[in-house]
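Taking it in order: structure first as C-alpha cells, then the write-up.
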Amino acid sequence: MAIDAPVTRPANPRFSSGPCAKIPTFSLDKLSDAPLGRSHRAAIGKEKLKAAIDGTAEILGIPEGYKVGIVPASDTGAVEMAMWSMLGARKATMLAWESFGAGWVTDVVKQLKIDAEVKEAGYGDIVDFTEVDFDTDVVFTWNGTTSGVRVPNGDAIPADRAGLTICDATSAAFAQDLPWDKLDVVTFSWQKVLGGEAAHGMLVLSPRAVERLESYTPAWPLPKIFRMTKGGKLNEGIFKGETINTPSMLAVEDYLVALDWARSVGGLKGLMARADANAQAIWDFCESRDWIANLANDPATRSNTSVCLKFTDDRISDGAAFAKAVAKRLENEGVGLDLGAYRDAPAGLRIWCGGTVETSDIEALLPWIEWAYEAEIAAQSQAA
Ligand SMILES: Cc1ncc(COP(=O)(O)O)c(C=O)c1O
C-alpha cells in the first residue's frame with residue numbers, strides 16, 4: 001500500500017560514494033586563499049602542499065618514521081604506483097571481495113603477471129584473513145566501497161610478517177581506525193571521507209615499504225609518475241610536497257579547508273563518531289523492517305561509510321529494475337542523489353555515511369526510502 005510522502009527532506013540530499021558530500025560548512029569563498037596562478041614550486045605552493053601532508057599525518061595519527069606523499073591520479077594512481085614499484089620481489093596474495101579489489105587482481109595477474117595467489121569472496125562476504133600468508137606481499141581494500149564490507153581490524157596481520165601489506169583505504173581513511181603498524185602501504189584520495197576534490201592520491205609508506213623501494217628494482221619499466229626513487233634512494237621530496245608533476249592548487253586549498261573542518265569536529269575520533277552515527281541510523285532502520293537488509297552478511301564487517309543495502313521482499317519480481325526505480329524516485333524528489341548500488345554490485349542502494357554527511361540528513365532520508373519502496377511495490381502490482 002502506497003504511503004504518504006514524508007514532510008521532512010534532507011537539507012543536503014547528496015549521498016554519493018565519491019565524490020562525496022562536501023564539508024557541511026563548505027562555500028566557494030573558503031577557497032579564496034588558494035595561490036591560483038602561482039607555481040607549486042614557489043614557497044607558497046610548497047608550504048600549502050606540506051601543510052596538506054602534515055595535516056593528514058596529524059589527523060590520522062600516522063606514526064613517526066612513516067612517509068606521506070601526494071601523488072598523481074587519485075587513489076588508483078597511488079595503489080598502482082605502489083604495486084608497480086614494490087611487487088615482484090616475493091610472491092603476492094591478492095584479496096578481493098568487491099569490484100575495486102578485483103581491479104587490483106587484474107592489474108597484478110593480467111598486467112604485471114606476478115606469481116600471485118588470488119583469494120576472493122562474493123559481495124557481502126570477506127576473505128578469511130586468518131588463512132592469508134603474510135610472508136607474501138598482500139594487496140587488499142580496507143573498505144569495499146561497492147559492497148559495504150570492511151576489514152573489522154588488523155588482528156590477523158602478524159607484526160613480524162615478511163611480506164608487505166598494501167592497503168587501498170580510500171573509503172576508510174578518516175572514518176575507520178587503521179592499524180598503521182600492520183599496514184605498509186596505505187592509499188586514499190581527497191574526495192571520499194573528507195569530501196575533497198578529485199585528482200590527487202595520498203600514499204603512506206611504512207619504513208618497511210621504503211626499505212623495499214630502496215632494495216628492489218622491478219623487472220619492468222616504470223613511467224615517471226610511478227617513480228619514487230632516484231639513484232636507488234627514496235625521492236624524499238615527494239614526501240615533503242615536491243610533487244612528481246603539477247597539482248591543482250585549488251584542490252589543495254580545498255583539502256586544507258576540509259582538514260581544518262576535520263579538526264573542528266574533533267579530528268579522527270570526531271570523524272569516526274559521525275560516520276558511526278550515520279551508519280547506525282541506517283542499521284536501526286533496517287533492523288526494524290523485513291524488506292531491506294545490509295548487504296554485509298557479518299555485522300562485524302559492516303561498513304560505516306559506504307552502507308550497501310539490498311531489498312529482501314519476495315514480492316519483488318525484478319530486483320535490479322526495482323532498486324533502480326526506487327533510487328530514481330528519491331532522485332526525482334530531490335531527497336537522495338546518487339544512491340543506487342554500484343554498477344557491478346548486486347542490486348540495491350548505497351548510502352554514503354562518511355563524516356561530511358549530517359546524521360539529521362540520513363534520518364530525514366530513511367522515511368523517503370520507505371515511501372519510495374512502498375510506491376514501487378504498489379506500481380509493480382498495478383503493472384502485473
Ligand atoms: C575502494 C576503492 N578503490 C579505488 C577507487 C578508485 O578511486 P579513484 O577514482 O580515486 O582513483 C575507489 C573509488 O570509488 C574505491 O572506492
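Helical content of the chain, expressed as a calculated mean residue ellipticity at 222 nm, amounts to -10500 deg cm²/dmol (DSSP H runs of 4 or more residues, -39,500 (n - 2.57) each, divided by residue number, nearest 500). Rounded, prolate or oblate, given the Cα gyration tensor of the chain, with a/c below 1.5 counting as rounded? Oblate shape, in that a/c is at least 1.5 and b/c is the bigger or equal ratio. Averaging Cα coordinates gives a centre for the range 116-171 and one for the range 51-78; these two points are 21 Å apart.
Add +1 for every Lys or Arg and -1 for every Asp or Glu among the other residues with Cβ under 14 Å from the Cβ of ASP184, and state the total. Before the final figure, lay out each step's value.
Details: positive: LYS67, ARG90, ARG161, LYS182, ARG208, ARG212; negative: ASP135, ASP137, ASP160, ASP168, ASP181, GLU211, GLU214.
Result for the neighbourhood of ASP184: -1.
Just name one of TRP352, ILE362, ILE377: the one whose Cα is farthest towards the positive end of the charge dipole of the chain (beta-carbon charges, Lys/Arg +1, Asp/Glu -1). Farthest towards the positive pole: TRP352.
On the beta carbon distance between VAL118 and GLU333, with R0 = 41 Å, the FRET formula returns roughly 0.45.
If r is the Cβ-Cβ distance from GLU64 to TYR216 and R0 is 35 Å, what FRET efficiency results, to the nearest 0.05?
0.90
If packing is taken as the mean number of other Cβ atoms within 10 Å per residue, what is the order of 368-375, 312-319, 139-146, highest first? Working shown, then result.
Details: 368-375: 20.4, 312-319: 12.6, 139-146: 27.6.
Averaged packing, sorted descending, gives the order 139-146, 368-375, 312-319.
With +1 on each Lys and Arg Cβ and -1 on each Asp and Glu Cβ, how big is the dipole of the chain about its Cα centre, in debye rounded to the nearest 20? Don't jump to the answer; show the numbers that get you there.
Working: 38 positive and 52 negative charges, 289 e Å.
Dipole size: approximately 1380 debye.
Built from the Cα atoms of the range 266-383, the convex hull projects on average onto 7.5 nm², one quarter of its surface area. Is the range 2-114 rounded, prolate or oblate when judged by the Cα gyration tensor, a ≥ b ≥ c being the square roots of its eigenvalues, rounded requiring a/c under 1.5 and prolate requiring a/b larger than b/c? In terms of gyration-tensor shape, oblate. In the chain, the longest principal axis of the Cα atoms and the axis of helix 359-383 are about 50 degrees apart. For a label point 7 angstrom out from the Cα of ALA321 toward its Cβ, which stretches of the range 350-384 have the backbone nitrogen within less than 14 Å? Backbone N within reach: 376-384.
Each label was represented as a point 7 Å from its Cα along the Cα-to-Cβ direction; for ASN245 and THR8 these points are 4.8 nm apart.
Which order, highest average first, do 57-70, 103-116, 323-336 follow once you tally other Cβ atoms within 10 Å for each residue and take the mean per peptide?
323-336, 57-70, 103-116
With the simple spin-label model, which puts each label point 7 Å out from Cα in the Cβ direction, the LYS50 to ALA162 separation comes to 4.1 nm.
FYI, it's all coordinate maths here, none of it is from the lab. What you see is a predicted model; the values in this text were computed from it and never measured. Neighbour counts run over all protein chains shown; Cβ positions are idealised from the backbone, glycine included.
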